[in-house]
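Below: the structure, in C-alpha cells.
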C-alpha cells in the first residue's frame, strides 16, 4: 500500500510545467520579433557594407552583397577630405562645431530648466501657474513662426551667425519641454522632504543642490539624452543661425551628400552619415538603462 | 512663561477658510496634542507654527519672540514628519548633521551633538547606513534625532507614528514619552489616534473644521466632553448615545423614544444650567462604565438587556445589544462567557454619564 502511494507521487506531475520550445505562441512571437528586427536593421546593414566598399564595387549595383575587398578609405575621406564649398577638410570641422554647440547648450538648458522646474514644483510663488502655462504654451507654437523674429533678435544682440547665438536658441527652444519634465519629476518627490530641509535651515540653493539634485539623477540623464540627441541632430537652427564656418555636422553632412558636382560617392556618403549618427547612437547605448529608469521614475510616484 | 503663544491666527487657501481666529498658549515643557479627524486643520496649524505655511492674519510667539515672519529654521523648532522625510542620499549621520552644517556650527560641536542624539535614541550603530537600509522604526528614530541635534526648545511632531505597525507604534510612543520626560521641552504633537493623544498629552486640543473644540487635560476631556463630537472621538469603543427626553416624573426621568423608561437620579449631575422638563437630549454612557451581573445589582440604574453580538478581545469582551432599538455596547470581563440571545442584567451610575442637547449637541 505504502509502495503504491510513493510510486504514484513520483509519476504524478511535479516541479515546473514543461513547455514546448516550438509552440505556436513562441513561433508567432519570435517570428514577428525577428522579422521586425531585420526590417529595421537592413538599411543600417546596407549603409555599413556600402561604406566599406570601393567605388568600382558599388557600380556593380548589388547593394546587399558584403564587400569583396574591405576598405576604410571612404571613412577617412568622409572624416578628413570630403569637400563642402571651398573647404576640403571633411566632416571633422562639423563634428567639432557640433561638439562646441551641443555641450554648452545641453549644460545651460538643463541647468536653467531644472531650476525652473524646482521653483515651480516646490516654491509655489505668486503667479507660478500663469508662468508655467505660458511656458507650456510655448511648446505648442510652431518653430517656423519664431524663426524670423529670432533672427532679428540675435542680430540686435550681435549674436547672429555666431555660436553663442545658436546656443541661446537651443536653450530657449529646450525650455518648455525640459521645464515640464523637471517640474513633473520634482512634484513626485515627497513634499515633507522639502519641508524638512527648510526646517533644517537649507535655503533655495541649498535644497536644490543638496537635497533635490542628488535625488534626481535619472531625470537629469533623461534630459541630457533628449538634449544631446536633439541638438546634435538639429539641422534647421544650425543652417539658419550660423554661417558655413560654424555649420554643425548635420548641415555639413547634407552639403556633402547633396553636392551636385562630380561623381556621387555613395561609400563616402554612407560613411559620413554613419559618422554623424555615431554620437546619438553612442549616447543611447551607454545610457539606455538609465533612460528607461528615468522615464519610469517620472511616471511612478516614489 | 509660555513657550508658544498663538494670537488670532487665521489661514485660508483661496476661499476656503482653514483656520479662523485661533488662540492657543502652550506652557514651557508642556506636551500638547492636537487631535482631530483628517481635514480638521491640525497639521495645517502645526505647519503654521513651523513657518512652513504663510498665515493670513494673527501672530505667533515662540519663547516670547514674535516669529510670525521668521523662516522655519530661525524659529527654534525641530520637526518630525509622518513619512520620516529622511534625505535618501545621505547616511544617518549626514541626515543628523545636515541642519548643523547649514547653521555653520563647528565640526567638533556637530560630532558631539550627533553622538549625543544617537546615544539617546540608540542608533549609534546605524550612523553609516543610508535610510533605505533602515526599518520603519529606525527611520523614525533618525527623524526624531534630526530634531534632537538642533538643541531647540520646541518639538513639533506631525503624525510621527502613523506609518508604523501597531507594535512599533506602541514602542515608539513610550519612547517619545520617555524623551519628553528626559528633555522636558515643549512638544506639540499632531495625531488622529486618540490613544496616542490620551497616553502622551499633558493637554489635548480637539479640533474640528479649524476650531479648537476643547482644550483640556486628557482625563477632563474623557470624563467631561464638551459636546457629542468630542465624546465620540475620545474613548474606544465609542461612547453609547441614547436619544430621549428628560421628564419631571420621578418614576420615569429618562424616556427613550422607543418606549424604554428609567428613573435616573440626576441630582448629582453637574448641569451647566438647570434644564427644563421635556428636554430632548442625547444620554451618553461609556461602554466601560456599564456594570454587569453582581455589580449591576448595586447600581442606581439597572435593567435587563438581550445580547446580540459578542466580541471577545482577550482581556475583555465587547457586547453589542440594543435598547429600544438604539445601539448599546458594554464591556465585560474577558473571563465571562456569554452567548447571543442571552438576557443579562446591566446597570450604571448616572454620575458617569454625559448629557448633550439634541440639537446643538453641546454638553448640558
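Could you please let me know if residue A:115 is at pLDDT 95 or above and touching a helix residue (DSSP H, G or I) at 6+ places or on another chain (Cβ under 9 Å)?
So residue A:115 passes the test.
Report every pair of residues separated by at least 6 positions or lying on different chains whose Cβ atoms are under 6 Å apart, first residue within the stretch B:254-275 and at pLDDT 75 or above, second surrounded by fewer than 10 Cβ atoms within 10 Å (Cβ to Cβ).
Filtered contacts from the stretch B:254-275: B:263/B:251.
Please determine, by comparing only the residues of the stretch B:67-97 that are on the phi > 0 side of the Ramachandran plot and touching a helix residue (DSSP H, G or I) at 6+ places or on another chain (Cβ under 8 Å), which one is nearest to the other protein chains (Cβ to nearest Cβ).
The selected residue is B:85.
I want to confirm something. Restricting to the stretch B:49-66 and keeping residues that are without any contact (Cβ under 8 Å) to a residue 60 or more places away in the chain and within 13 Å of chain A (Cβ to nearest Cβ), which single residue is nearest to residue B:154 (Cα to Cα)?
B:51
For residues that are surrounded by 10 or more Cβ atoms within 10 Å (Cβ to Cβ) and part of a helix (DSSP H, G or I), tally how many sit in the stretch A:41-63.
Adding up the residues that qualify gives 14.
Kindly indicate whether residue A:214 is within 14 Å of chain B (Cβ to nearest Cβ) and touching a residue at least 40 places away in the same chain (Cβ under 8 Å).
no
Restricting attention to the stretch A:214-229, does a residue exist that is out of contact with any helix residue (DSSP H, G or I) (no Cβ under 7 Å at 6 or more places or on another chain) and under 27 Å from residue B:105 (Cβ atoms)?
Yes.
Of the residues A:142, A:104, which single one is surrounded by fewer than 22 Cβ atoms within 10 Å (Cβ to Cβ) and over 26 Å from residue A:279 (Cα atoms)?
On the way: A:104 fails: over 26 Å from residue A:279 (Cα atoms).
Exactly one residue qualifies, and that residue is A:142.
Please work out which one of (1) within 12 Å of chain A (Cβ to nearest Cβ); (2) without any contact (Cβ under 8 Å) to a residue 60 or more places away in the chain; (3) assigned to a helix (DSSP H, G or I) is the condition residue B:105 fails and give its number.
(3)
Output the residue which, of all residues in the stretch B:148-174 that are away from chain A (no Cβ under 14 Å) and under 17 Å from the mean Cα position of the chain (by Cα), is surrounded by the fewest Cβ atoms within 10 Å (Cβ to Cβ).
Ranking the qualifying residues of the stretch B:148-174, first place goes to B:166.
If I ask for residues that are part of a loop (DSSP other than H, G, I, E, B) and facing chain B (nearest Cβ under 8 Å), which ones from the stretch A:189-202 would you list?
A:190, A:200, A:201, A:202
When residue B:335 is evaluated against the numbered criteria (1) in contact (Cβ under 8 Å) with a residue 12 or more places away in the chain; (2) surrounded by fewer than 14 Cβ atoms within 10 Å (Cβ to Cβ), which criterion, by number, is the only one it fails?
(1)
Answer with yes or no whether residue A:262 is surrounded by 16 or more Cβ atoms within 10 Å (Cβ to Cβ), in a loop (DSSP other than H, G, I, E, B) and out of contact with any strand residue (DSSP E or B) (no Cβ under 6 Å at 6 or more places or on another chain).
On the way: surrounded by 16 or more Cβ atoms within 10 Å (Cβ to Cβ): no; in a loop (DSSP other than H, G, I, E, B): yes; out of contact with any strand residue (DSSP E or B) (no Cβ under 6 Å at 6 or more places or on another chain): yes.
In short, no.
Considering the stretch B:23-38 alone, what residues qualify as being out of contact with any helix residue (DSSP H, G or I) (no Cβ under 7 Å at 6 or more places or on another chain) and either buried (at least 17 other Cβ atoms within 10 Å of the Cβ) or free of Cβ contacts under 8 Å to residues at least 12 places away in the same chain (or both)?
Within the stretch B:23-38, the subset out of contact with any helix residue (DSSP H, G or I) (no Cβ under 7 Å at 6 or more places or on another chain) is B:23-30, B:32, B:37-38.
Across the stretch B:23-38, the qualifying residues are B:24, B:26, B:30, B:32.
The values are calculated or read from the model by the stated rules, or taken from the named source; none is laboratory data. A quick note: this is a predicted structure, and the numbers were derived from the prediction, not measured. With ideal geometry, Cβ positions are generated from the backbone for all residues, glycine too; neighbour counts draw on all protein chains shown.
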